[in-house]
Amino acid sequence: MRHFRLLVLGNGISAYGSYLNMVALNVFVYDATGSALAAGLFMAVRLATSVVSGWVSGRLVSAHDRKRLMVGADLCQAAALLTLLLAPDGMRAGLLYALAVVTGGCSTLSQVALRSSIPEIVGAEHRVRANGLLVTGRSLAMIAGFASSGVVVAQLGYSAAFALDAATFLVSATVLFLLPVRTKAAAPGGGSAEASGAARWTARMLLGTAPVLMAMIAVRAVDGLGSSSHNVALPIYSSSLDPDHPATFISQFWATWAIGNIVAQQVIGRVTKRTGRTPGERAFALGACVMSAGFIVVFCGLPTAPAVLAALIAGAADGFTEIVYVSRLQTAPDEQRGRLFGLSASAENTGFGLGMLVSGALLEKFSPLQVVAAFHGLAIVLCLALLLALLRRGGARGPGVEETARRGTSTVTEGRG
């Protein structure tokens, strides 16, 4: 785990740069073009690239060395940011959309490769703890990135923000390159033809013989809808609470949410270590219900203290469900894992992108509470349906996927809830 902690540090540094740039780039696009449509198009291009990249990334991480892919993704993002930084002012507006493609595609590739690699880096028995550390690192990076973005842009300017973000990617790439970690299982004797067959079998598995796993991926896609709704609604709701200081509630919300994420990592790590058991599908469904309910409560117009408490619960449930979900997908054999995470990334990004468009339109006519309750309510309904289906199975193992002896591959079974 010592090497993995260094990897988490490098990943957290690059995540800080990404959150910093998330604010800086969106504001810069609007300032450079003077058009809200152009700013929206920039976000749409990045999200669309992330969706497509999920499918492509699954193939790449199944066929190539994941460590090299992650290093390459970090270097490409650093190079794109430096190109934007060094370009003449007149060319920057045109380069923005190329940057959206590069950052959207490379960030998804890096995420899919890293999640697929964790069981090989730390061992399957430590994957839950490792996933928790990644959640903690990302939560801390989000707090630091969002908190410092306004100061960096206001005091130092856009160029400093872009240079700082490029530097974080270079640090992450250097850490990854120097760490002596294995990110991919040893190739079986069958070579590339066998790996290709495993990839095709993974698609058949998802479509025909792993309904619970497909339902979990569907829940994550609908969670993306819910996440987009509270992201879009939060500035509007915060402004209605305190028109003179609209950023106050937003800051409280995200800081408390991140603390909840960190608490979840600590709790699930200790419970898993003490019991030796990893929470499964039923825990995932329950956690997702609590998370969505918490986000709805945040927008109910409660006093600050209970609203912050709801944000804390939502953040803890969010961190818990992510750790459980990622750990569940990581139980798949290594040659199939990349395709699973690629499909998951595409589903989540599709849900988030679609939710951004729809929730933005709905907020023109409906209140933040109504929009957030509708989107997260849909997630709750889907989670309850999944939970009911799991309970009807009486706690038995779900329909596993077992390759026959003549195919010579390993077995994938649904874990216990």
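The values are calculated or read from the model by the stated rules, or taken from the named source; none is laboratory data. Note that the coordinates shown come from a computational prediction; the quantities given were computed from them, not determined experimentally. We place every Cβ from the backbone using ideal geometry, glycine too, and count neighbours over all the protein chains shown. The protein model used for the area step is the full one, side chains on, heavy atoms only, and it has no ligands, DNA or RNA in it. Shrake-Rupley method; radii C 1.70, N 1.55, O 1.52, S 1.80 Å.
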Taking the Cα centre as origin and putting +1 on Lys and Arg beta-carbons and -1 on Asp and Glu beta-carbons, what dipole magnitude results for the chain, to the nearest 20 debye? 1540
Answer rounded, prolate or oblate for the range 1-103, using the Cα gyration tensor with square roots of eigenvalues a ≥ b ≥ c: rounded when a/c is under 1.5, else prolate when a/b is larger than b/c, else oblate. prolate
Cα convex hull of the range 217-284: mean projected area in nm², to one decimal? 5.7
The chain, accessible area per residue, ligands and nucleic acids excluded (1.4 Å, Å²): 44
When a/c is below 1.5 the answer is rounded, else prolate if a/b is larger than b/c, else oblate, so apply that to the range 263-309 with a ≥ b ≥ c taken from the square roots of the Cα gyration tensor eigenvalues. oblate
When the chain is treated as a GNM, springs tying every alpha-carbon pair under 10 Å, which of SER344, SER238, SER292 comes out with the largest mean-square fluctuation? SER238
From the phi of every residue in the range 294-306, what ³J(HN,Hα) in whole Hz does the Karplus formula 6.51 cos²θ - 1.76 cosθ + 1.60 yield, where θ is phi - 60° and glycine or proline is x? x, 5, 5, 4, 4, 9, 8, x, 6, x, 4, 4, x
The chain, convex hull of Cα, quarter of hull surface, nm² -> 20.5
If the reach is capped at under 27 angstrom between alpha carbons, list the lysines near LYS184, excluding any in the same chain fewer than eight residues apart. LYS67, LYS273
Work out the FRET efficiency for HIS3 and SER367 from their Cβ-Cβ distance, taking R0 = 45 Å, and round it to the nearest 0.05. 0.35
So, with a 1.4 angstrom probe, what is the percent of accessible area on the range 329-380 that is carbon and sulfur? 68
How large is ³J(HN,Hα) for each residue in the range 111-126, as worked out from phi by the Karplus curve 6.51 cos²θ - 1.76 cosθ + 1.60 (θ = phi - 60°), to whole Hz, x for Gly and Pro? 5, 4, 5, 5, 4, 5, 8, 4, x, 7, 6, 10, x, 4, 6, 10
Classify the range 309-356 as rounded, prolate or oblate, taking a ≥ b ≥ c as the square roots of the eigenvalues of its Cα gyration tensor: rounded when a/c is under 1.5, otherwise prolate if a/b is larger than b/c and oblate if not. oblate
Taking θ as phi - 60°, what are the ³J(HN,Hα) couplings along the range 371-384 by the Karplus curve (6.51, -1.76, 1.60), each to the nearest whole Hz, with x for Gly and Pro? 5, 5, 5, 5, 5, 6, x, 4, 5, 5, 4, 5, 5, 5
